[in-house]
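Each reported figure results from applying straightforward, stated rules to the coordinates on display, with no laboratory input. None of the values given here were measured: they were computed from a predicted structure. Heads up, the Cβs are rebuilt from the backbone with ideal geometry, glycines too, and the neighbour counts pull from every protein chain shown.
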Amino acid sequence: MSDLIKDYMNFLNNCKTERLCIQDIIKKAGKEGYKDIKDVKKLTVGDKVYYNQMGKSIILFNVGSESLENGMNILGAHLDSPRLDVKQKPLYESDGIVYLNTHYYGGIKKYQWVTIPLSIIGVVALSDGKIINVNIGDDDKDPVFYITDILPHIAQKQMAKTGDEIIEGEKLDIVIGCSDGRKTEEKDKDVNKNRVIELIKEKYGFTEDDFMSAELEVVPSGKSRYVGLDKNLILGYGQDDKVCAFTSLMAMLEIKDVKRTTCCILVDKEEIGSSGATGMSSNLLLNATSELVYRLSLSNPELVIRRSLFNSYMLSSDVNSAYDPLNAELYDKQNSSFLAKGVVFNKYTGSRGKYSASDANAEYVAKIRSIMKDSDGDISFQMAEMAKVDIGGGGTIAKYCASYGMQVMDCGVPVQSMHAPFELTSIFDIKETFRCYKSFLKLTA
């Protein structure tokens, strides 16, 4: 268990994008005997495979001894996090400064992203089929990138605006270069931009036009750190939802001989509504399960797939907002989750009137409560909502999985400063969540 936190912090440091997460997950899974399902023709009890969707989402299966029709035990988390995305025609120069134009991704407070060091991570796809990996800003030898802000001496109008208006989305452009001071003629107005283009071509092997087929994510630069003199807290980018993705993966890899088939879903696009081919609203789970059933050579495959998903149990592994004593007025304290009090269950999510929620039934909640014990003793857990009813809320991937008829409940780690460039979690909660996920994967019908 002591290595769990060290490994988790390394995961945060090395896997700031979905693509990097998938690459790391495949390496970890391969060491535990998991194979790409595309490379396997037949499956039987004890076999372990993964289904890779475009290098951004992945589903792992460990085939159990019970009939697949009886359902699976599923853990499901997401790998994407709020960030800035570089636009397809991003590069421009203004008065000697060279910028990249961005479009923010997911729910952010835009003002939190200015005046902090930033990294650019992603891929550039060339028209000849070559893929160039880009990762600038996280190595100590790298330069970083930056979004400017107005000095307080002249910011009276800015400070009178609402929080959402203080920084406009179109002003979240990152500085990637500047004049070196040499005099230029009026006809050379893009001389600094052109110099940056040459640097990009020389060092990374792509041109300005290649931004059109690039996926470049702008994320906070820097490593995860311990917080506090007692080092009981972790600060890091992307803990929503990598903290649940990592603990789900580790639980999946640690469980060996299983009765019910176990499954770990780690998906993309949750922060923008789970849309697209790599999001949970797609047929990703259905397609992956179909490939599994085909290789198990089961009769009546369509019926087996439907029954398997219908009879499954799932924990939608996602974080919850941790109670903040400095903003207590936003929370129903009796129904809040707290740092260092264990894994948190959300019977329902959504916002106001449970809109867009998945609402677990009482029988399933009772079943999950019953497994909060393992060989090391009781697992600390708490039941909570995100905030006061009229304040707001949020959704998870739970509702998309519930559409198959399976039993689903949200379950994860409490987080403070959620969706900020750096978020706060408790080491105790991470460990208890990992224990909870392991216990869940052993669940019987």
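Can you compute the helix-only [θ] at 222 nm over the chain? Use -39500 (n - 2.57) per DSSP H run of at least 4 residues, normalise by all residues, nearest 500 deg cm²/dmol. Write out the running numbers ahead of the final one.
Working: 11 runs with 117 residues, N = 445.
After summing the helix terms and dividing by residue count, I get -8000 deg cm²/dmol.
Send over the semi-axes of region 184-330's equivalent ellipsoid, whole angstrom and largest first, taken as the square roots of 5 times the C-alpha gyration tensor eigenvalues. Spell out each step's value before the answer.
Values: eigenvalues 353, 159, 47 Å².
Largest first, region 184-330 gives 42, 28, 15 Å.
Looking at the square roots a ≥ b ≥ c of the eigenvalues of the Cα gyration tensor of region 83-220, which shape do they give, rounded for a/c under 1.5, prolate if a/b is larger than b/c, or oblate? Spell out each step's value before the answer.
Working: a/c = 1.99, a/b = 1.30, b/c = 1.53.
Here region 83-220 falls in the oblate category.
Where in region 105-179 are there trypsin sites (Lys or Arg not before Pro) that are in a DSSP coil and have at most 12 other Cβ atoms within 10 angstrom of their Cβ? Walk me through the numbers on the way to the answer.
Values: sites: LYS109, LYS110, LYS130, LYS141, LYS157, LYS161, LYS171; in loops: LYS109, LYS130, LYS141, LYS161.
Here the sparse-neighbourhood loop sites are LYS130, LYS141.
Set the Förster distance to 25 Å, then compute FRET efficiency between ALA340 and ASN10 from the Cβ-Cβ distance, nearest 0.05.
Working from the Cβ atoms, E equals 0.65.
Taking the Cβ-Cβ separation of LYS231 and LYS259 as r and a Förster radius of 45 Å, what is the calculated FRET efficiency to the nearest 0.05? Let's see the in-between values first.
On the way: r = 39 Å, r/R0 = 0.86.
For R0 = 45 Å, the calculated efficiency reads 0.70.
Could you tell me whether region 39-147 comes out rounded, prolate or oblate from its Cα gyration tensor? Rule is a ≥ b ≥ c as square roots of the eigenvalues, rounded for a/c under 1.5, then prolate if a/b exceeds b/c, otherwise oblate. Present the calculation step by step, with values, prior to reporting the outcome.
Details: a/c = 3.26, a/b = 2.28, b/c = 1.43.
Note, shape of region 39-147 comes out prolate.
Once R0 is set to 35 Å, what does the formula 1/(1 + (r/R0)^6) return for the Cβ-Cβ distance between LYS354 and TYR92, expressed as a FRET efficiency to the nearest 0.05?
Numbers: r = 45 Å, r/R0 = 1.28.
Taking R0 as 35 Å, the efficiency between LYS354 and TYR92 is 0.20.
Strictly under 4.7 angstrom between C-beta atoms: which cysteines of the chain have no such partner?
Unpaired cysteines in the chain: CYS178, CYS244, CYS263, CYS264, CYS401, CYS411, CYS436.
Using DSSP to define loop residues, name the trypsin sites (Lys or Arg not before Pro) in region 224-292 whose beta-carbon has at most 11 other beta-carbon atoms within 10 Å.
On the way: sites: ARG225, LYS231, LYS242, LYS256, LYS259, ARG260, LYS269; in loops: LYS231, LYS256, LYS259, ARG260, LYS269.
Listed in order of number, the matching sites are LYS231, LYS256.
Taking loop as defined by DSSP and a crowding limit of 10 other beta carbons within 10 Å, which trypsin sites (Lys or Arg not before Pro) in region 1-77 fit? Kindly include the intermediate steps, with their values, before the conclusion.
On the way: sites: LYS6, LYS16, ARG19, LYS27, LYS28, LYS31, LYS35, LYS38, LYS41, LYS42, LYS48, LYS56; in loops: LYS16, LYS41, LYS42, LYS56.
Those satisfying the criteria are LYS41, LYS42.
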